[in-house]
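> Got a structure for you, written out below as structure tokens; questions coming shortly.
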Amino acid sequence: MNNKLFLVLPFLFLSGCQTATRPYDGVLGYKTTPVSDSVSELTYVDEDKRSWEEVEVRARKACARSLKTTPDQTLLGALSKTQFSQFVAMPVAIPMSPGAASKKGMQRPGPIPSGVVIQGTASSHAFDIEMNLKKLVTTCELARKT
């Protein structure tokens with residue numbers, strides 16, 4: 001059992017990592033507003049742990065996606081960079097013993113996959129956590145071919 005756990009844990013941790021740019025979800029991601037056929041305004045928000053260089057690379061990828069081209073064919077305009085903090089509701093499941101759950105009228109969530117053993121149930125709560133973020137606002141356009 002412990003050997004299986006050691007094999008599964010790295011995949012669980014890696015699956016939680018977001019590597020691709022994503023549309024803005026209210027906290028992180030990019031949002032584009034078309035200005036013309038070849039120019040868009042981009043707002044990109046990412047975690048403060050990334051360097052500004054990484055944020056710009058990811059913003060260029062988001063620009064390319066909105067302009068339906070590749071990152072090397074996009075140009076970023078004048079950049080506005082800000083750092084800020086935002087409180088975010090983070091859902092957290094708190095394990096409970098089976099006896100405590102039945103006293104509170106709680107049930108196990110959904111079907112359990114074969115091979116997975118769950119002891120007790122979980123109570124779901126949301127906690128506000130403060131996230132430090134970076135926000136980049138720029139224009140992006142197609143690079144002119146020379």
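The values are calculated or read from the model by the stated rules, or taken from the named source; none is laboratory data. Not measured: the values here are computed from a predicted model. A quick note on method: Cβ atoms are made from the backbone with ideal geometry, for glycine too, and the neighbour counts reach across all protein chains shown.
> Any residue at all in the stretch 53-74 that is in a strand (DSSP E or B) and surrounded by 14 or more Cβ atoms within 10 Å (Cβ to Cβ)? First the steps, then the outcome.
Filtering the stretch 53-74 for residues in a strand (DSSP E or B) gives 74.
From the residues that got through so far, the ones that are surrounded by 14 or more Cβ atoms within 10 Å (Cβ to Cβ) too are 74.
Yes, some residue in the stretch 53-74 is in a strand (DSSP E or B) and surrounded by 14 or more Cβ atoms within 10 Å (Cβ to Cβ).
> Might you let me know whether the stretch 97-119 holds any residue that is among the charged types (D, E, K, R), modelled with pLDDT of 65 or more and surrounded by 10 or more Cβ atoms within 10 Å (Cβ to Cβ)? Quick ask: steps written out before the conclusion?
At the first step, the residues of the stretch 97-119 found to be among the charged types (D, E, K, R) are 103-104, 108.
Filter again for modelled with pLDDT of 65 or more, leaving none.
No: the stretch 97-119 contains no residue that is among the charged types (D, E, K, R), modelled with pLDDT of 65 or more and surrounded by 10 or more Cβ atoms within 10 Å (Cβ to Cβ).
> Additional query: Taking only the stretch 31-49 into account, find how many residues are within 17 Å of residue 80 (Cβ to Cβ) and under 16 Å from the mean Cα position of the chain (by Cα). Outline the logic, then answer.
First pass over the stretch 31-49, keeping only residues within 17 Å of residue 80 (Cβ to Cβ): 31-33, 35, 39-46, 48.
Applying the additional criterion that residues be under 16 Å from the mean Cα position of the chain (by Cα) yields 31, 43-46, 48.
Matching residues across the stretch 31-49 total 6.
> Tell me whether the stretch 78-89 contains one or more residues that are at pLDDT 65 or above, on the phi < 0 side of the Ramachandran plot and not in a strand (DSSP E or B).
Going through the stretch 78-89, the residues at pLDDT 65 or above turn out to be 78-89.
From what is left, the residues that are on the phi < 0 side of the Ramachandran plot are 78-89.
If we keep only those that are not in a strand (DSSP E or B) too, we end up with 78-79.
The answer is yes, given that some residue of the stretch 78-89 is at pLDDT 65 or above, on the phi < 0 side of the Ramachandran plot and not in a strand (DSSP E or B).
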